[in-house]
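Working notes, beginning with the structure itself.
The values are calculated or read from the model by the stated rules, or taken from the named source; none is laboratory data. Given the structure is predicted, the values throughout are model-derived calculations rather than measurements. Cβ sites come from the backbone with ideal geometry, for glycine too, and all protein chains shown count toward neighbours. The accessibility values were calculated without ligands, DNA or RNA, using every heavy atom of the protein model including side chains. Shrake-Rupley method; radii C 1.70, N 1.55, O 1.52, S 1.80 Å.
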Amino acid sequence: MESSFWRPFWAKARAHDCWTKLKAYLPDDIGERCIGEMTGADRRLVSSLEGFEDLQLIGRLQLQERRVERGDVVFCVTEGGETSSVIGTASAH
């Protein structure tokens, strides 16, 4: 989401005529405010972490680790709608 949609969108917006009106309402670092996360995070890319996606606790802990707080927006994506870690993320707040 961040590299395919978020950052390119804001790069194009900054180049558009409308940016002079929009920038007063947005933080300067708006293009960097989307952070992608997957169950197991970067550790998952280095070694196998069997069963992480089966624990709701993992989703909640990842939100805490990222310091997600009231007012932040979290999008949860799961292939079948039953991934426990994603359900844990969605139900954490």
message = Any residue in the stretch 1-28 that is charged (D, E, K, R) sitting within a Cβ distance under 6 Å of a residue that is open to solvent by 50 Å² or more (accessible area, probe 1.4 Å)? List the pairs, counting only those 6 or more apart or interchain.
response = none
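Filter the stretch 1-28 down to the residues that are outside any helix (DSSP H, G or I) and of a type in the set (Phe, Trp, Tyr) and list them by number.
Listed by number, the list is empty, since nothing qualifies.
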ask   = Between a first residue in the stretch 63-80 that is at pLDDT 80 or above and a second residue that is among the aliphatic types (A, V, I, L, M) and in a loop (DSSP other than H, G, I, E, B), which pairs have beta carbons less than 6 Å apart while being 6 or more apart in sequence or on different chains?
value = LEU63/ALA92
request  = Taking the options LYS12, LYS21, name whichever one is among the basic types (Lys, Arg), surrounded by 10 or more Cβ atoms within 10 Å (Cβ to Cβ) and at pLDDT 75 or above.
outcome  = LYS12
